[in-house]
Amino acid sequence: DDESCMSLADIYCSDHFVQRDIQKAVNLWFDQCQKDNHNACRRLYVNKELFQGKNLELVNSAYDKSISILKEKCESGNSPDSCYKLASYDLFNENSNEAFEDIKNACENGSVLACSELSNRWSVAWVSQIHKYDDKLAQHYNDLYKKSLKKQCELGNDIYCFDSYMEEYKDESSV
């Protein structure tokens with residue numbers, strides 16, 4: 001499945017030389033990107049220097065297509081997670097402050113992924129803005145995360161149901 005392919009690509013690009021095979025990682029990312037896996041497209045784009053024999057025009061085209069799809073979904077208002085993914089692309093470049101604000105907005109608008117990111121002190125979003133970390137804000141985003149999980153589960157997005165139940169269990173067991 002797609003998740004397994006991404007995990008395998010992570011193993012191939014790790015620093016453990018026994019498993020290291022950058023070309024296999026690039027091939028897996030490329031295949032996943034062609035299937036509209038936006039995370040894979042981002043990995044390709046960020047790791048261009050690792051390519052050996054891949055057509056860079058094709059990679060750039062796949063990345064641009066991925067960005068276009070994310071923008072379209074975000075602007076439709078039906079996919080706040082797409083807004084989060086789009087903003088996360090810019091966390092470590094000159095647009096990082098704007099990207100961080102966009103991630104906060106995505107969370108406020110119901111993005112489970114954005115709220116999860118903002119509720120974790122060591123997340124990529126906070127690391128990009130480490131001097132601005134705020135416990136009260138993180139708790140606010142954690143509350144929104146739980147609400148978003150529950151809402152997505154109720155809407156029939158089963159992948160969020162387990163996490164929602166786990167959050168309820170954590171809350172009940174801490175009382």
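The values are calculated or read from the model by the stated rules, or taken from the named source; none is laboratory data. Source: prediction; values computed, not measured. Reconstructed Cβ throughout: ideal geometry from the backbone, glycine too, with neighbour counts over all protein chains shown. Accessible surface is based on the protein model in full, side chains and every heavy atom, while ligands, DNA and RNA are left aside. Shrake-Rupley method; radii C 1.70, N 1.55, O 1.52, S 1.80 Å.
Can you confirm whether the stretch 61-68 contains a residue that is of a type outside the set (S, T, Y) and modelled with pLDDT under 75?
yes
Residue under question is E168, and the condition is that it be in a helix (DSSP H, G or I), modelled with pLDDT under 85 and surrounded by fewer than 16 Cβ atoms within 10 Å (Cβ to Cβ); does it hold?
yes
Consider only pairs whose beta carbons are under 9 Å apart and that are at least six residues apart or on different chains; among these, list those whose first residue lies in the stretch 6-22 and is within 15 Å of C33 (Cβ to Cβ) and whose second residue is part of a helix (DSSP H, G or I) and at pLDDT below 70.
C13/L50
For the stretch 89-112: of the residues being among the polar types (S, T, N, Q) and closer than 26 Å to N157 by Cα, which is most open to solvent (accessible area, probe 1.4 Å)?
Out of the qualifying residues, it is N109.
Taking the stretch 29-42, which residues are surrounded by fewer than 23 Cβ atoms within 10 Å (Cβ to Cβ) and part of a helix (DSSP H, G or I)?
Across the stretch 29-42, the qualifying residues are F30, D31, Q32, Q34, H38, N39, R42.
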